[in-house]
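Q: Sending over a structure as structure tokens; questions will come in a sec.
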Amino acid sequence: MKLTYSPASPFARKVRICAIELGLIDKIELVPASVSPDKLNEEYSRNINPLRKLPALILDDGSTVVDSYVIVEYFDELAGGGKLIPSSGAKKWQVKTEHAITQGMLDAMLLCRYEKMLRPEALRWPTWIDSQWERAWQGLTRFESRGDILTRSPLDVAQIGLVCVLGYADFRFPDCGWRKAFPKLDTFHNKMMQRESVKISVPPPA
Ligand SMILES: N[C@@H](CCC(=O)N[C@@H](CS)C(=O)NCC(=O)O)C(=O)O
């Protein structure tokens, strides 16, 4: 299997962490790919993902699996099922919901990043950027104060999604002050960083 990725992508990081935790990483060839809203990567669009997003998993028969969560589901099934995504009951829906929130937080942070980096300054809309950032911040507020995501075990995909959100905040928004605002998230992040999978996938300095 091949996985398109970029070391800066928090979505690709999540998939890599999951692959390591599930013992599948040796079966995967990492293929660097370059995608960006301002560049039409036609080959990627035609052959891998019409949405021009990474990561994408290319299976040995040439078919592709796209969207980081769907790739994690694929890996989880390959590893026997019910490993990082509980297979049934209330826990399953809790983990899927929390993961979906981390996913939306990453989408919102990425939109902020693209808006600031790619959109010409004169065309920027601060209200829109603030609204995206507010969603990510509200997500952090929720995880700081509700539920057992910060302490439960065994490890699940929502916890991995959350550590990727925090790593992306460090990487792209280093002055946002999340550690000071959310001390329990800070403790959680430190604990997660003790895992080899999390430590080795930290994005390289920009
Ligand atoms: N829902 C997708 C989101 C993936 C995503 O947005 N990836 C970014 C890189 S971090 C991307 O490919 N951006 C290129 C673009 O939006 O043009 C997933 O979970 O895989």
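Readers should treat all values here as calculations from the given coordinates under stated rules, not as data from a laboratory. This structure is a prediction, so every number in the text was calculated from the model and none was measured. Positions of Cβ are generated from backbone atoms using ideal geometry, with glycine treated the same way; all protein chains shown enter the neighbour counts.
Q: Taking Rh as the Kirkwood radius computed over C-alpha pairs, what is the Stokes-Einstein D of region 82-169 at 20 °C in a medium of viscosity 1.002 mPa s, expressed in µm² per second?
A: On the way: Rh = 14.0 Å.
Once the numbers are plugged in, D ends up at 153 µm²/s.
Q: Order of 51-60, 11-20 by packing, highest average Cβ count within 10 Å first? Can you show the working numbers first?
A: Details: 51-60: 18.7, 11-20: 25.7.
In decreasing order of mean packing, 51-60, 11-20 become 11-20, 51-60.
Q: For the chain, what is the mean residue ellipticity at 222 nm derived from helices alone (per DSSP H run of n ≥ 4: -39500 (n - 2.57); sum divided by total residues; nearest 500 deg cm²/dmol)? Can you show the working numbers first?
A: On the way: 9 runs with 112 residues, N = 206.
Taking each H run of at least 4 residues, the total per residue is -17000 deg cm²/dmol.
Q: Distance cut-off 24 Å, Cα to Cα: go down the list Lys116/Lys199; Lys96/Lys180; Lys91/Lys184; Lys14/Lys92 and report the pairs above it. Walk me through the numbers before you get to the answer.
A: Details: Lys116/Lys199 28 Å; Lys96/Lys180 28 Å; Lys91/Lys184 22 Å; Lys14/Lys92 18 Å.
Violating the 24 Å Cα-Cα cut-off are Lys116/Lys199; Lys96/Lys180.
Q: Which peptide among 188-198, 28-38 comes first, and what is the full order, when sorted by highest mean count of other Cβ atoms within 10 Å? Please report the intermediate quantities before stating the final value.
A: On the way: 188-198: 16.1, 28-38: 13.8.
Peptide ranking by packing, descending: 188-198, 28-38.
Q: Rounded, prolate or oblate for region 147-206? Axes are the square roots of the Cα gyration tensor eigenvalues, ordered a ≥ b ≥ c, and the cut-off for rounded is a/c under 1.5.
A: Values: a/c = 2.08, a/b = 1.24, b/c = 1.68.
Taking the square roots of the gyration eigenvalues as a ≥ b ≥ c, region 147-206 is oblate.
Q: Continuing with this model, one more query. Can you tell me the dipole magnitude for region 2-78 around its Cα centre, using point charges on the Cβ only (Lys, Arg +1; Asp, Glu -1), in Debye to the nearest 20?
A: Working: 9 positive and 12 negative charges, 70 e Å.
Dipole size: approximately 340 debye.
Q: Taking the alpha-carbon centroid of each part, what is the distance from region 83-118 to region 141-206 in angstrom?
A: Region 83-118 and region 141-206 have Cα centres separated by 13 Å.
Q: Sticking with this structure for a sec: Place +1 on the Cβ of every Lys and Arg and -1 on the Cβ of every Asp and Glu in region 89-196, take the dipole about the Cα centre, and give the residue among His189, Pro154, Leu118 whose Cα lies farthest towards its positive end.
A: Pro154
Q: Related question: Treating only the Cβ of Lys, Arg, Asp and Glu as charged (+1, +1, -1, -1), what charge dipole size does the chain show about its Cα centre? Round to the nearest 20 debye.
A: Working: 28 positive and 25 negative charges, 98 e Å.
Dipole magnitude for the chain comes out near 480 debye.
Q: Still on this structure, please answer the following. For the chain, how big is the tail of P(r) above 20 Å, as a whole percent of Cα pairs? The partial results should precede the final answer.
A: Details: 12187 of 21115 pairs.
Beyond 20 Å sits 58 percent of the P(r) for the chain.
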